[in-house]
Amino acid sequence: RHYGILSNRNRSTKLQKCKELTGAVQSKSENSDVKLSTAELLLKLTGIDINICPCCDKGEMVTKEKLNRQNYSPPGEINKIA
């Protein structure tokens, strides 16, 4: 839990004021409002391009089908042994 300058209320405005008063330089990531896709972020962080075919390293991967989210809840009463 934070109090004072870093409390939840108006944190961004207070933090911006602190940066101005201390003369802190903002990095490029703080200045940009652009959201990167998962593939772009993975490429930037690891250098791995998930859009390139892993077999030939030339072709571009194409999404053919998206799998539905699986429900991994515990088994119900049916599977319990009495």
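Numbers below:
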| quantity | calculated |
| --- | --- |
| In sequence order, calculated HN-Hα J values of region 39-53 (Karplus, 6.51, -1.76, 1.60; Hz; x Gly/Pro) | 5, 5, 5, 5, 5, 5, 7, 10, x, 9, 9, 7, 8, 9, 4 |
| Amide H within-cut-off set for residue 52, under 5 Å, with H built and near neighbours excluded | 61 |
| Contour minus Cα-Cα distance for residue 20 and residue 46 (0.36 nm per residue) | 6.1 nm |
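Rule-based calculations on the coordinates, nothing more; no lab input. The shown structure was predicted, so the numbers you read here are calculated from the model rather than taken from an experiment.
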